[in-house]
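One structure is given here, and the rest of the page talks about it.
The values are calculated or read from the model by the stated rules, or taken from the named source; none is laboratory data. Model, not experiment: these values are computed from the prediction. Cβ placement follows ideal geometry from the backbone for every residue including glycine, while neighbour counts extend to all protein chains displayed. SASA here: full protein model, heavy atoms, side chains in, ligands and nucleic acids out. Shrake-Rupley method; radii C 1.70, N 1.55, O 1.52, S 1.80 Å.
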Amino acid sequence: MIRYPFLSLSLVCASFLFSYGQLRTEAFQFSYDSLTYQGYLDYPQDQDPEAWIVLIPGSGQTDFGGTSGWNKWFMRLRTNFVDQGLGVCMWDRPGCGKSEGSFDPNQSVHSSAEEALAAIETIRSKALPGTDQIGLWGMSRGGWICPLIIQADSTVDFWITVSGVDSLENSNYLLETNLKLLGYSGQRAAQLVQEKRKGTQIFLQGGSYQEYLAATQNVRADSFYLAMFGVHWEEKAYVENQQAFLQSDEPSPLRDGVKDPIALPGFTHIIQSVRCPVLAIFGEKDSQVNWRDAQTLYEATLVDRAPLEIVSFPDCNHTLMQCETGAVFENLEKFGYADCGGYHAAMNDWLGRIVRKKQPND
C-alpha cells in the first residue's frame, strides 16, 4: 500500500444480543477478500423491516459493539432508523471490533465498496424481510464509496449522503479552514497551506527528500498540522513511498498541475451513474470537507439523472452535531454532543416519502 505525505458471504443468525429502545440486534458476518467481517443487524421490535439501510461510515476505525462516544452517536442513528421501520446493517472494518485482518487507514475506496457489496449480497441471499428495498447511508469518505456501490449494483433503492465529498482531496481545505478558526491570519494560513501543497508536489513529481524538507519548514513545525497530520516522514519512508507512487500506473486526476493521490479518478462519471433518489445533508460549519463544492457537484451531476434533495444546517459541524465554530478539535461538551436539531427529522421525512410501504397482503 502506497502512503502519501500530508494526507492523511455467510450470515450468522444468532440469538439477539441486546435491545436498545425499540431496537433488536443480532450478530452478522460475511466474507470478503479472504477475511471474515463481523457486524450487526438491527430490527424493529414488533415488525418486520419495511426496507434495509446499510451504514457506510467515514474514515477511521470502527467498533459498533463498543461503548465509545462515537459509537453512542451511531447508536442514536441506528435507533432512529429502526424507529422508522427500517432494518440496519453495519460491520467493523478489518482489524476493528471482531473483524479479522489489520486496520488500514489507506484502504482504497474501491476496496471499501467491494466490501460493502459483499455484505449486501449476504443479506439478500438470506431473503431477510425487507431486503427487496436496500438503501445506503454514507458519511464523508462514504460519499466516494456509495456511488461506487451504486455503479456496481443498480438495484440500490436510495442513498443518504452526509457531509459528502467532491472529487478532490480535502486536506488543504481542512488545514486552511481550521487554522483560521484557531486565529491565524488569512495570510499565515495561506502560507502554510502553500507549503503543504509544495511539499506534496515535490513528492509526487519525484523531488528529493532534501527539497521536501526545505520547502516545508514552517508547516512541519506548526502545532495544528502536527496534531492533525502527524510527524513528517523520515527519509527512508519518503523514498520508499515515492518510488511506489511513481511506479504505480493508477490514474489520478490533476489538481494544481500534479497528480492527486487521494481523489477518486473519474468521480464525476461515477456519480452520474446514480439513478436512485438521493438526499444530501450538510453542516454549514463543516471544517473538514468543502461542503459547498460537494453541493455544487451534486447539483451539476445528479439533478437531471436522479431525484435529488439537499438540506444544510447553519450551526452544524462535519458530524452534524451542534457546534459553535465547527473546528476539528472543538470541545462539544457544552452542547452535550447533541445531534443538530432537524437532522434526523430531515432523513425521516425523506424516507417516509421514498420507502415503499408494504401492503397487508405483501
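In the structure shown, do any of LYS98/LYS357; LYS196/LYS334; LYS196/LYS236; LYS98/LYS334; LYS198/LYS285; LYS98/LYS236 have a Cα-Cα gap over 24 Å, and if so which? List each step's numbers first, then the result.
Numbers: LYS98/LYS357 35 Å; LYS196/LYS334 33 Å; LYS196/LYS236 20 Å; LYS98/LYS334 33 Å; LYS198/LYS285 27 Å; LYS98/LYS236 34 Å.
From the list (LYS98/LYS357; LYS196/LYS334; LYS196/LYS236; LYS98/LYS334; LYS198/LYS285; LYS98/LYS236), the Cα-Cα distance tops 24 Å for LYS98/LYS357; LYS196/LYS334; LYS98/LYS334; LYS198/LYS285; LYS98/LYS236.
For SER102, tell me the accessible area in Å² from a 1.4 Å probe, rounded to the nearest 10.
We get 100 Å² for SER102.
With all protein chains present and a 1.4 Å probe, how do HIS110, HIS344 order by accessible area, largest first?
HIS110, HIS344
Counting DSSP beta bridges in the chain, what percent are antiparallel, to the nearest 5?
45 percent
Enter the accessible area of THR67 (Å², nearest 10), with the probe set to 1.4 Å and all protein chains included.
120 Å²
Return the calculated 222 nm mean residue ellipticity for the chain, to the nearest 500 deg cm²/dmol, obtained by summing -39500 (n - 2.57) across DSSP H runs with n ≥ 4 and dividing by the residue count.
Calculated at 222 nm, the ellipticity per residue is -11000 deg cm²/dmol.
Principal axes first, then extents: for the Cα atoms of the chain, list largest minus smallest coordinate on each axis, whole Å, largest first.
In descending order, the Cα extents are 71, 43, 43 Å.
For the chain, build the charge dipole from Cβ charges (+1 Lys, Arg; -1 Asp, Glu) around the Cα centre, then report which of LEU297, TYR43, THR131 sits farthest towards its positive end.
Final value for the positive-end residue is LEU297.
Ignoring ligands, DNA and RNA, what percent of the 1.4 Å accessible area of the chain is carbon and sulfur?
That share works out to 48 percent.
To the nearest 10 square angstrom, how much accessible area does ARG76 have with a 1.4 angstrom probe?
80 Å²
Just how many % of Cα pairs in segment 28-149 lie over 19 Å apart, if you round to the nearest whole percent?
Taking all Cα-Cα pairs of segment 28-149, the fraction more than 19 Å apart is 44 percent.
Order the following by accessible area, largest value first: LYS98, LYS126. Probe radius 1.4 Å; ligands, DNA and RNA are ignored.
Output order, biggest surface exposure first: LYS98, LYS126.
Provide LYS285, LYS198 ordered by accessible surface of protein heavy atoms (probe 1.4 Å), highest first. List each step's numbers first, then the result.
Numbers: LYS285 60, LYS198 90 Å².
Ranked list, largest accessible area first: LYS198, LYS285.
Within segment 81-115, list the chymotrypsin sites (Phe, Trp or Tyr not before Pro) lying in a DSSP loop whose Cβ has at most 16 other Cβ atoms in a 10 Å radius.
Sparse-neighbourhood loop chymotrypsin sites (Phe, Trp or Tyr not before Pro): PHE103.
Accessible area per residue, 1.4 Å probe, Å², for the chain: what's the number?
Here the per-residue accessible area is 44 Å².
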